[in-house]
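To start, the structure itself, in structure tokens.
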Amino acid sequence: MTKAYDEETVDEVTRYMLAVATENEECPLAFVTFDRITAKDASFKKTALVHVQQEPKITGDGFAVITNTRRGRHGKMILQNVAFDIQHTVIGGEGKEFWTVDRNIPHKKTLFEGSLEEYGWGRIEISPASPEKTNHILTVMYVTDLDNDAAPIKAQDISSDTLAGTAILGKAMLFPKNEKLLTEEATFTVGEATECYVAGLSEGKWAIYKDSTAFKTVTVDKGTHLLNFTADAGAYTIKHVN
């Protein structure tokens, strides 16, 4: 993603995205993004954008509740950020649907009847509370029905020194903090039985250890860079063996 930005503002921008089916009928899909942004100047603000169809609700405990009832839809998405100190800012509504820096730039192209409203209400801006030379943003989302009145499910932070990670709905999803493709040893801990996905790994064989005991060896294929295995509660170490 780095080439999409002005060379005078950033050194590197990378994003990992992982969507996982949860086998949970009420919350069938979890979607996680992990952004790593290194700016030319530590004071530069970094912001990830989530565009919304209708005005979202930001709760006092850090959840963003995003709904869509337009044209007969009946869905809801819960968004939260874990592992890092993050602020949510909502920008939108009449006259600010397409707000850019200091003015609104409306989209006027109509593709089909009602298509203008499909462009949305506005957006949520997700920014680190304390800008640094390199900032990380780990965003967790899951979908459900609009009439699901259950309290939002809080994602767990399972990050380690080398991995940014979260666990939710029986799935653990982790990403390398400081490398495009991880080649070094990495560790993490899960508190219950879960299916683990570790993205951004170098291809080849990876040995998995549970509580320092050899657990299994898994091959990470070229092009996927994804390690997947089922784990019980415990501490895990992964090592690249070839």
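Note down all Cβ pairs under 7 Å where the first residue falls in the range 1-29 and is more than 29 Å from ILE78 (Cβ to Cβ), the second is open to solvent by 60 Å² or more (accessible area, probe 1.4 Å), and they're at least six residues apart or on different chains.
Filtered contacts from the range 1-29: GLU8/LYS40; THR9/LYS40; THR9/PHE44; VAL10/LYS40; ASP11/LYS40.
Just give me the residues in the range 67-95 being in contact (Cβ under 8 Å) with a residue 40 or more places away in the chain and of a type in the set (A, V, I, L, M, F, W, C), in sequence order.
MET77, ILE78, LEU79, VAL82, ALA83, PHE84, ILE86
Take the residues in the range 186-201 that are small (Gly, Ala, Ser) and open to solvent by less than 20 Å² (accessible area, probe 1.4 Å); name whichever of them is farthest from LEU29 (Cα to Cα).
Once the filter is applied, the top-ranked residue is ALA186.
Of the conditions (1) closer than 21 Å to ARG36 by Cβ; (2) open to solvent by less than 40 Å² (accessible area, probe 1.4 Å), THR183 clears all except one; give me its number.
Unmet for THR183, out of (1) closer than 21 Å to ARG36 by Cβ; (2) open to solvent by less than 40 Å² (accessible area, probe 1.4 Å): (2).
So if I check each of ASP221, ASP211, ASP232, which one is under 24 Å from ALA21 (Cβ atoms) and at pLDDT below 95?
ASP221
Could you say whether any residue in the range 75-86 is within 26 Å of LYS3 (Cα to Cα) and over 17 Å from the mean Cα position of the chain (by Cα)?
No, because not a single residue in the range 75-86 is within 26 Å of LYS3 (Cα to Cα) and over 17 Å from the mean Cα position of the chain (by Cα).
I'd like to verify a number: residues in the range 131-149 that are part of a loop (DSSP other than H, G, I, E, B), within 30 Å of SER43 (Cβ to Cβ) and open to solvent by less than 90 Å² (accessible area, probe 1.4 Å), how many?
Total satisfying the criteria: 2.
Select, from GLU94, GLU26, GLU113, the only residue that is modelled with pLDDT of 95 or more, of a type outside the set (Lys, Arg) and open to solvent by 80 Å² or more (accessible area, probe 1.4 Å).
Result of the check over GLU94, GLU26, GLU113: GLU26.
Could you tell me which numbered condition TRP121 fails, if it satisfies all but one of (1) modelled with pLDDT of 95 or more; (2) buried (at least 16 other Cβ atoms within 10 Å of the Cβ); (3) among the hydrophobic types (A, V, I, L, M, F, W, C)?
Just one mismatch for TRP121, condition (1).
Looking only at the range 53-67, which residues are within 17 Å of ILE91 (Cβ to Cβ), part of a loop (DSSP other than H, G, I, E, B) and open to solvent by 30 Å² or more (accessible area, probe 1.4 Å)?
The answer is GLN53, GLN54, GLU55.
Among what's in the range 155-168 and is out of contact with any Pro (no Cβ under 9 Å at 6 or more places or on another chain) and touching a residue at least 60 places away in the same chain (Cβ under 8 Å), pick the residue that is nearest to THR224 (Cα to Cα).
GLY165
Among the candidates PRO176, PRO152, which residue alone is open to solvent by 40 Å² or more (accessible area, probe 1.4 Å) and in contact (Cβ under 8 Å) with a residue 24 or more places away in the chain?
Checking each option against the conditions leaves just PRO152.
Do any strands (runs of 3 or more DSSP E) lying entirely in the range 202-242 carry at least 1 residues that are farther than 17 Å from LEU163 by Cα and open to solvent by 30 Å² or more (accessible area, probe 1.4 Å), and which ones are they?
So the answer is 204-210, 213-220, 226-231.
Report yes if some residue within the range 103-111 is assigned to a strand (DSSP E or B), farther than 30 Å from THR194 by Cβ and not aromatic (Phe, Trp, Tyr); otherwise report no.
yes
Report yes if some residue within the range 42-52 is more than 25 Å from GLU97 (Cα to Cα) and loosely packed, with under 14 Cβ neighbours inside 10 Å; otherwise report no.
Yes, because at least one residue in the range 42-52 is more than 25 Å from GLU97 (Cα to Cα) and loosely packed, with under 14 Cβ neighbours inside 10 Å.
The values are calculated or read from the model by the stated rules, or taken from the named source; none is laboratory data. Predicted model, so just to flag it, every value in this text is computed and none were measured. Every residue, glycine as well, gets a Cβ built from its backbone with ideal geometry; the counts of neighbours run over all protein chains shown. Calculation scope for accessible area: heavy atoms of the full protein, side chains included, ligands and nucleic acids excluded. Shrake-Rupley method; radii C 1.70, N 1.55, O 1.52, S 1.80 Å.
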